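Colleague: Below is the structure I would like to discuss, written out as structure tokens.
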Amino acid sequence: MIAFLDGIVKLIRKNSIVLDVHGVGYEVYVATPHTFVKEDAIFLYTYHQIREESQLLFGFKNELDLQIFERLLNVKGIGPKTIMNMMSKKTGDEIVQAIETQDVKLLKSLPGIGPKSASQIVLDLKGQLVAYRTQVQEDKHPIWQQTEEALIALGYKSAQLSSIKCEMIKHNDWSVDEMLRRSLMMIAQEKGI
């Protein structure tokens, strides 16, 4: 299996790019080929799909998107091209957020996803991706770690904080004080205070 590719973008096509890796051109299907630039050096995590009639590579700029792709493949009725179409409209982070908040309306708005598929995605994946997503983003977000420690010291449980964690991690520019204040406001809103 091909786990990643590190090379130069040589061609940009409608749904894919061709990556030159030491003189070998790999066609890699990506969600947003228009965001790549010819002759740029890039690194992509890949999913290598092997079928009787074809071998396809799907590329992702980060591990979270690859993880989401692999999980979505396990949902009945969802194929790789549908997933790439979904990811062309929403980021992996937004898809996970929609799954965790059971936002079926947002999922239905994505290409190739109808009401049944949207409900099946939520049913199959709710709670499975948030831990990975949080772990990846927490590593990049020490302010949330400090805020979480403060909230736990105030008596909140980690389980209570999971619902606000996704929102708080989005804000790299906040201080610990600001994040703590906003976290307390979100907790109060959730409790209806």
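Colleague: If we keep just the residues of segment 122-140 that are in a loop (DSSP other than H, G, I, E, B) and of a type outside the set (Asp, Glu), which is modelled with the highest pLDDT?
Modeller: By that ranking, first place goes to Lys126.
Colleague: Related question: Go through segment 72-88 and report how many residues are surrounded by 15 or more Cβ atoms within 10 Å (Cβ to Cβ) and out of contact with any Asp or Glu (no Cβ under 8 Å at 6 or more places or on another chain).
Modeller: 10
Colleague: Please verify whether Gln67 is under 18 Å from the mean Cα position of the chain (by Cα) and polar (S, T, N, Q), treating the condition exactly as stated.
Modeller: Judged against the criteria, Gln67 is a match.
Colleague: Go through segment 10-46 and give me each residue that's of a type in the set (Lys, Arg) and within 19 Å of Thr82 (Cα to Cα).
Modeller: Listed by number, the residues that qualify are Arg13, Lys14.
To keep it simple, each residue is scored yes or no on (1) at pLDDT below 80; (2) of a type in the set (Phe, Trp, Tyr); (3) open to solvent by less than 60 Å² (accessible area, probe 1.4 Å).
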position	(1), (2), (3)
Leu151	no, no, yes
Tyr156	no, yes, yes
Ala159	yes, no, no
Ile164	no, no, yes
Glu167	yes, no, no
Glu178	no, no, yes
Arg182	no, no, no
Ala188	no, no, yes
Ile193	yes, no, no
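Colleague: Looking at (1) more than 28 Å from Asn74 (Cβ to Cβ); (2) of a type in the set (A, V, I, L, M); (3) at pLDDT 85 or above; (4) in contact with a helix residue (DSSP H, G or I) (Cβ under 6 Å, 6 or more places away or on another chain), which is the only condition Ile143 fails?
Modeller: (3)
Colleague: Restricting to segment 1-28, give me the number of residues that are β-branched (Val, Ile, Thr), open to solvent by 50 Å² or more (accessible area, probe 1.4 Å) and touching a residue at least 12 places away in the same chain (Cβ under 8 Å).
Modeller: The number of residues fulfilling the criteria is 2.
Colleague: Okay, moving on. From the list Leu44, Leu56, pick out the single residue that is among the hydrophobic types (A, V, I, L, M, F, W, C), touching a strand residue (DSSP E or B) at 6+ places or on another chain (Cβ under 8 Å), within 21 Å of Ile8 (Cα to Cα) and open to solvent by 20 Å² or more (accessible area, probe 1.4 Å).
Modeller: Answer to the check: Leu56.
Colleague: Residues that are in contact with a Pro (Cβ under 7 Å, 6 or more places away or on another chain): which strands (runs of 3 or more DSSP E) entirely in segment 21-105 hold 1 or more of them?
Modeller: 41-50, 55-60
Colleague: Would you say Thr35 is hydroxyl-bearing (Ser, Thr, Tyr) and under 21 Å from Ile113 (Cα atoms)?
Modeller: So Thr35 fails the test.
Colleague: Please tell me if Glu39 is surrounded by fewer than 20 Cβ atoms within 10 Å (Cβ to Cβ), closer than 24 Å to Val122 by Cβ and touching a strand residue (DSSP E or B) at 6+ places or on another chain (Cβ under 7 Å).
Modeller: Spelling it out, it is not the case that Glu39 is surrounded by fewer than 20 Cβ atoms within 10 Å (Cβ to Cβ), closer than 24 Å to Val122 by Cβ and touching a strand residue (DSSP E or B) at 6+ places or on another chain (Cβ under 7 Å).
The values are calculated or read from the model by the stated rules, or taken from the named source; none is laboratory data. Note that the coordinates shown come from a computational prediction; the quantities given were computed from them, not determined experimentally. Neighbour counts run over all protein chains shown; Cβ positions are idealised from the backbone, glycine included. Just so you know, the surface numbers come from the protein's heavy atoms only, side chains and all, with ligands and any DNA or RNA stripped out. Shrake-Rupley method; radii C 1.70, N 1.55, O 1.52, S 1.80 Å.
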